1. Condition first: of a type outside the set (Asp, Glu) and closer than 23 Å to residue 212 by Cβ. Now tell me which residues in the stretch 222-243 satisfy that.
2. Sort out for me the strands (runs of 3 or more DSSP E) sitting completely within the stretch 239-280 that have 2 or more residues that are open to solvent by less than 50 Å² (accessible area, probe 1.4 Å), among the small types (Gly, Ala, Ser) and modelled with pLDDT under 95.
3. Go through the stretch 29-46 and count every residue that is touching an Asp or Glu at 6+ places or on another chain (Cβ under 8 Å), in contact (Cβ under 8 Å) with a residue 40 or more places away in the chain and closer than 21 Å to residue 216 by Cα.
4. I want to confirm something. Restricting to the stretch 158-178 and keeping residues that are touching a residue at least 40 places away in the same chain (Cβ under 8 Å) and outside any strand (DSSP E or B), which single residue is most open to solvent (accessible area, probe 1.4 Å)?
5. Looking at 26, 70, 101, 80, which one is over 15 Å from residue 214 (Cα atoms) and in contact with an Asp or Glu (Cβ under 8 Å, 6 or more places away or on another chain)?
6. Name the residues in the stretch 322-345 that are open to solvent by less than 40 Å² (accessible area, probe 1.4 Å) and either part of a strand (DSSP E or B) or at pLDDT 85 or above (or both), would you?
7. Just wondering, is there one or more residues in the stretch 138-145 that are within 29 Å of the chain's Cα centre (by Cα), crowded, with 17+ Cβ neighbours inside 10 Å and over 15 Å from residue 209 (Cβ atoms)?
Amino acid sequence: MAYAVVNSTSPFLQTTPGRDWIKVGYLDMTDPTQECPNSWQTFTSPRSSCGKKSSAPCDSLNIPTSGASYLTVCGWFRGYQIGTPDSFTSFAGLGFDIETYYVDGVSVTYGSPGNRSHVYTNAAGYMETNYKGSCPCAGGDPPPSFVGSDYYCESGNPGPDWNHTEFYYSDVLWDGQQCGGDESTCCNPPDLPWFCKTFPTPISEDLEVRICMDEDLDNENVAIESFALYIQVYVTPTIIIQPSDVLAVVNGNLTLVCEAEAFPPPQYLWEHIEGNLTGRSNVMGINSKKLELNGVIFGDEGSYICKVISNNITVASEIATVTLSPSTGVTVTPSSTTVAVNVTVFLNCSGLGGPGNIYQWSTGHITPTLELIVTNGTSD
């Protein structure tokens, strides 16, 4: 799918290298061309909006994510209170179960029915004054443990009176405005109406928006006027700078560079295929973009790879070959030998450096007639 970066004044959606945002869910009932989903009922007055429709615990709207892997969900909701929703208090005694009506309000989850996971909850309180069915900070019950702190609660009824059928359109829910009475301490999240939830590992399942109520619709409901949901897509690590081959000399310095894009920012791990880099005093940057070898020694030659890790996915770079000059690296010098004519003679010579050292044999000032190319750094 094509990812589109979304421009927004929200601090959560600022363009950042390695991150892409997708708007996956959107509704604006102030636009006369838009309609409520079939699973929600339509209110045309006093505000065009969408509410719970059936007698089921929750009325659901699936938000497709098209298989994209995402790490963060951000969004906002704008709605209204109808009647007497009870926040996280269940007067029906139904308990706290994410699969049913754990809240009077809007639930955002991911996963299939029977295996839902919580993202965020917007609860609607009974009234702004202290009451069992009000928001948690105004005397109401706390949210269930699976909700944790990923919720916001607000009431549109200033209290102390209530009406089971009234549409409280003068006070918008979940915007942090017009919070009076005991509810005044509720409306302090700094980024309202935005919420944001980041997961420890990427998610690739669809989102779900449910309007839930634990009592009959002639007693309570909420009306959603508009909402938007965005996902921050997970980017598979991509190496944008591959390490290059290097020709080095003994006691010199060398640097290998590897750079990748990923979100979250990737970790780096350099490996020497023919040896071990850990614990080496002349090696710096094993876990960074740049691997530095200061005071190169014989044994540093060979094949190097850079591994990039993000979200438990590892991507390896192309192999970079460090070739070390064999100068001063002869370890076995051929010995003088006296032999008779037509007798086979064996001369030995070994050297360090490489890889790919070329051994050339000659007699006196005669041009060499034999070249033996070796890959393991030694030859007989």
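1. Across the stretch 222-243, the qualifying residues are 222, 223, 224, 226, 227, 228, 229, 230, 231.
2. Result: 259-263.
3. 1
4. The extreme case among them is 162.
5. Values: 26 fails: in contact with an Asp or Glu (Cβ under 8 Å, 6 or more places away or on another chain); 70 fails: in contact with an Asp or Glu (Cβ under 8 Å, 6 or more places away or on another chain); 101 fails: over 15 Å from residue 214 (Cα atoms).
Of the residues listed, the single one that is over 15 Å from residue 214 (Cα atoms) and in contact with an Asp or Glu (Cβ under 8 Å, 6 or more places away or on another chain) is 80.
6. Passing the criteria: 322, 324.
7. Checking the stretch 138-145: at least one residue is within 29 Å of the chain's Cα centre (by Cα), crowded, with 17+ Cβ neighbours inside 10 Å and over 15 Å from residue 209 (Cβ atoms).
Per-residue answers, yes or no, for (1) buried (at least 21 other Cβ atoms within 10 Å of the Cβ); (2) at pLDDT 90 or above; (3) more than 28 Å from residue 31 (Cβ to Cβ):
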residue: 53; (1), (2), (3): no, yes, no
residue: 66; (1), (2), (3): no, no, no
residue: 75; (1), (2), (3): yes, yes, no
residue: 85; (1), (2), (3): yes, yes, no
residue: 123; (1), (2), (3): yes, yes, no
residue: 129; (1), (2), (3): no, no, yes
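The values are calculated or read from the model by the stated rules, or taken from the named source; none is laboratory data. In this text the structure is predicted, and so the values were computed from the model without any measurement. Here Cβ is always computed from backbone atoms with ideal geometry, including for glycine, and neighbour counts include all displayed protein chains. Accessible surface areas use protein heavy atoms only, side chains included; no ligands, DNA or RNA. Shrake-Rupley method; radii C 1.70, N 1.55, O 1.52, S 1.80 Å.
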